[in-house]
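Read the structure below first, then the notes.
Values in this text are rule-based calculations from the coordinates and carry no lab data. Please read these numbers as outputs of a predicted model, since none were measured by experiment. Ideal geometry is used to build each Cβ from the backbone, glycine not excepted, and the neighbour counts take in all protein chains shown.
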Amino acid sequence: MSAQSRKPSLDFQTWKAMEKLVRPVRGTRFIGISNFSPSQVSEVVGNATIIPKVHQFELHPYLQQTAWVEENFKHDITVTGYAPLSNTNPVSIPSASIRIVCKARILS
């Protein structure tokens, strides 16, 4: 099956509806994506009228995903990470420097 006849893995109805909300005045200024795979990002970039402004996915000192961040940057997509101090996985014990920052901010 050729790439052009292949059915997209994403339903673009939602994305197209979000694109209609983007207006310079009295509307949404930017739209973005969250937890998209590399193939999904390529699909959106290849089919969207408006490229996502931001992509949010898990990103922190213990899961830096440098290549994935760079790939988003190639499409001019800003990256924002959730769980910036690691997730709730008990294996992810914060480093000493992170514990110091947390204590200074009274988050311990």
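Label-to-label distance for residue 102 and residue 78 is 2.8 nm, based on points extended 7 Å past Cα in the beta-carbon direction.
DSSP bridge analysis restricted to region 12-104 gives an antiparallel fraction near 10%, rounded to the nearest 5. Between residue 34 and residue 19, the modelled labels are 2.2 nm apart [label points 7 Å from Cα along Cα→Cβ].
Annotation: amide H of residue 55 within the under-5 Å range of 33, 78, 79, 80, sequence separation 5 or more or interchain, hydrogens built in the peptide plane.
Karplus-based coupling profile of region 10-27, in residue order and whole Hz: 10, 8, 7, 4, 5, 5, 4, 5, 5, 4, 5, 7, 7, 9, x, 10, 6, x, with θ = phi - 60° in 6.51 cos²θ - 1.76 cosθ + 1.60 and x standing for Gly or Pro. Sorting 26, 99 by the number of Cβ atoms found within 10 Å of their own Cβ, with the fewest placed first, yields 26, 99. Using the Cβ of residue 30 as centre and a radius below 15 Å, the other residues enclosed give a net charge of +3, where K and R count +1 and D and E count -1.
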